[in-house]
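**Student:** Supplied in structure tokens, the structure appears directly below.
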Amino acid sequence: MKLIIHRGTHEIGGSCIELVSANSRILLDFGLPLVDSNNEQFDSKKIRGKSKDDLIETGVLPRIKGLYRDETPSFDAILLSHPHQDHYGLLSYANPRIPVYLSKGCRILVEVSHFFNQTGCELKNIETVEDGHSFKKGDFTITPFVVDHAGFDALGFLVECGGKKIYYSGDFRGHGRKSKLFFKMLRNPPENVDYLILEGTMIGRDEGQYGTEDGIETKLASLFKSENRLFFIACSSQNIDRIVSIYRACKESGRTFVIDPYTAYILDRLKEVSEKIPQATWGKTMKVFFVKSSHTDKLAGNKILYKYKSAKITYDEIREAGNRLVVKSSYYLRESFARRKLMPGSKLIYSMWEGYWDKEKDFWETNGVPFEMVHCSGHAYISELQAFAGALKPKWIIPNHTFSPEKYKEYFGRHRILQAKDGEAITL
Ligand SMILES: [Zn+2]
Ligand SMILES: [Zn+2]
């Protein structure tokens, strides 16, 4: 069997890993890069309308035969680990005859993103997979494991072929709302793993001060209780762990969490995966502000918006109830609130990766709104990566999804490290 990491051996984003046996080929993830060749933030708008050949030439698409739309497909499957663009964002270029395997939550969020943003990632030929249920694809036996990550319903994959076992970690952590799964894996890991393809996002990054998703909830609840003002909170609508933490902190502090229709729709769609996911229509802890935006228009145009009418909150109600609310910020919402002078006295909680902060810092400063960072990473801390590697005891660790592959030696000294290069075929 051969392993080719097409992208990821020395960068975060654009994940794409191929496994080839005598008769079969599978692809693990097919993501959009997060950085360009100058190591600057990748601008996905720049690739619109470009041909496949152009994109291969400029290194956006990996050079892989038998994968693309204009070729006879020679892949048995594409497995998606989770619904983050850096893991599935190039899927629209793949031949739709190749079946895509993914979790139910991943399917829903990929569909949602396409519905709103025309990502081109239309799912037609798919199979949803379940935690711990093995399946065969050609020479490969694949077992998906649901893992704890900021991306919803994320998977790691154990792949077995020709007596060899490979575990692909995908993106994961041990300090989110599904941390139980992480500890379960530590207690009961797959045995005799030969190769662990291990993400290392946090290697070389600051781990922050709040530690866990529970820590975030506690911090938010204490802020909401102790400061008598309107709070805005900036977070991703698709980071369900965080939405739940905010919801719970609101409940604990007697506040109402005001979301936009886009977020309400995501929560609504995900109840198919878990009935525990809070819903806009549940009562006073959550309300929906019908912000004017293309997403709201899309929901109105598709006769979906009316579903959240019973939870609707207006500008006037927000003005009146200000210090009992936590309003989820978005570009359109913050602009419209600033125009209506709803900012004075408020505070912003920035609950996303700091790398995105530069984009909106000016806005909040101009409007005189103080801010506080309350965030924890969607990725495993070094201690969690070490515990994970220690439990799996792989013969080799292969660095992936990291900007610091050279540091693996330092942190995983007891293991042998196999440092691959992008595009290089390694015989396992
Ligand atoms: Zn990722
Ligand atoms: Zn991710």
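**Student:** Please enumerate, by chain and number, the lysines with C-alpha under 19 Å from the C-alpha of Lys309, excluding those fewer than 8 residues away in the same chain.
**Tutor:** Lys309 reaches Lys271, Lys284, Lys287, Lys292, Lys298, Lys328.
**Student:** Can you list, largest first and rounded to whole Å, the semi-axes you get for the range 332-407 by taking the square root of 5 times each eigenvalue of its Cα gyration tensor?
**Tutor:** The three semi-axes for the range 332-407 are 41, 12, 9 Å.
**Student:** Counting DSSP beta bridges in the chain, what percent are antiparallel, to the nearest 5?
**Tutor:** Roughly 45 percent of the DSSP beta bridges within the chain come out antiparallel.
**Student:** Here is a further query. How far apart, in nm, are two points set 7 Å out from the Cα along the Cα-to-Cβ line at Arg319 and at Arg229?
**Tutor:** Those two pseudo-labels are separated by 2.1 nm.
**Student:** Here's another thing I want to ask about it. Round to the nearest 0.05 the FRET efficiency obtained for Ala22 and Glu191 when R0 = 22 Å and r is the Cβ-Cβ distance.
**Tutor:** Once the sixth-power term is evaluated, E becomes 0.35.
**Student:** Can you sort Lys393, Lys165 by 1.4 Å-probe accessible area, starting with the largest?
**Tutor:** Lys393, Lys165
**Student:** Please give the calculated 222 nm ellipticity per residue for the chain, where each DSSP H segment of at least 4 residues contributes -39500 (n - 2.57) and the sum is spread over every residue; nearest 500 deg cm²/dmol?
**Tutor:** Per the formula, -8000 deg cm²/dmol.
**Student:** Karplus couplings for the range 163-174 from phi (6.51 cos²θ - 1.76 cosθ + 1.60, θ = phi - 60°), rounded to Hz, Gly and Pro as x?
**Tutor:** Once rounded to whole Hz, the list reads x, 10, 10, 10, 10, 9, 6, x, 9, 7, 7, x.
**Student:** Averaging sequence separations of C-alpha pairs under 8 Å and six or more residues apart, then dividing by the length of the chain, give the relative contact order as a whole percent.
**Tutor:** 19 percent
**Student:** Could you look at the chain and say what percent of its accessible area is carbon and sulfur, using a 1.4 Å probe and all protein chains?
**Tutor:** The nonpolar share, carbon plus sulfur, comes to 47 percent.
**Student:** Right, next: Given contacts defined as C-alpha pairs under 8 Å and at least six residues apart, what's the relative contact order of the range 213-373, whole-number percent?
**Tutor:** Relative contact order of the range 213-373: 30 percent.
**Student:** Given that compact globular proteins tend to follow 2.2 N^0.38 Å, what is the ratio of the alpha-carbon Rg of the range 109-150 to that value?
**Tutor:** In units of the 2.2 N^0.38 Å rule of thumb, it is 1.50.
**Student:** Further question: Kindly rank 179-186, 49-56 from highest to lowest mean number of other beta carbons found within 10 Å of each residue.
**Tutor:** 179-186, 49-56
**Student:** Show me, for the range 57-74, the HN-Hα J-couplings you get by feeding each phi into the Karplus relation (A = 6.51, B = -1.76, C = 1.60, θ = phi - 60°), rounded to Hz, glycine and proline as x.
**Tutor:** 4, 8, x, 6, 9, x, 7, 9, 7, x, 10, 8, 4, 8, 10, 6, x, 10
**Student:** Taking amide hydrogens as modeled 1.01 Å from N in the peptide plane, which residues meet the under 5 Å criterion relative to Val147, leaving out close sequence neighbours?
**Tutor:** Ala154, Leu155, Gly156
**Student:** Where q = 0.09, 0.16, 0.18 Å⁻¹, what log10 of I(q)/I(0) comes from the Debye formula for the range 213-373, counting one point per Cα?
**Tutor:** -0.26, -0.89, -1.15
**Student:** Sequence-distant or interchain residues sharing an amide H contact under 5 Å with Met286, placed H: which?
**Tutor:** Residues meeting the amide H criterion: Phe257.
**Student:** Oh, and also: Starting from the Kirkwood radius over alpha-carbon pairs of the range 132-199, derive D by Stokes-Einstein at 25 °C in a medium of 0.890 mPa s and give it in µm² s⁻¹.
**Tutor:** Translational diffusion coefficient: 198 µm²/s.
**Student:** Taking R0 as 35 Å, what FRET efficiency do you get between Asp54 and Ile426 from their Cβ-Cβ distance, rounded to the nearest 0.05?
**Tutor:** 0.75
**Student:** Counting heavy atoms of the protein chains only and a 1.4 Å probe, report the per residue accessible area for the range 323-398 as a whole number of Å².
**Tutor:** On a per-residue basis, 46 Å².
**Student:** Projecting each Cα onto the charge dipole of the range 213-373 (Lys/Arg +1, Asp/Glu -1 at the beta carbon, about the Cα centre), which of Leu305, Ser236, Leu220 comes out farthest on the positive side?
**Tutor:** In the range 213-373, that residue is Leu305.
**Student:** Still on this structure: Multiply the residue separation of Val35 and Tyr332 by 0.36 nm, subtract the distance between their alpha-carbon atoms, and state the gained length in nm to one decimal.
**Tutor:** This chain segment gains 104.3 nm when fully extended.
**Student:** Using 0.36 nm per residue of separation minus the Cα-Cα distance, give me the extension gain between Glu71 and Glu252 in nm, one decimal.
**Tutor:** Extra length from Glu71 to Glu252 when fully extended: 59.6 nm.
The values are calculated or read from the model by the stated rules, or taken from the named source; none is laboratory data. These numbers come from a predicted model, not from an experiment. We place every Cβ from the backbone using ideal geometry, glycine too, and count neighbours over all the protein chains shown. Calculation scope for accessible area: heavy atoms of the full protein, side chains included, ligands and nucleic acids excluded. Shrake-Rupley method; radii C 1.70, N 1.55, O 1.52, S 1.80 Å.
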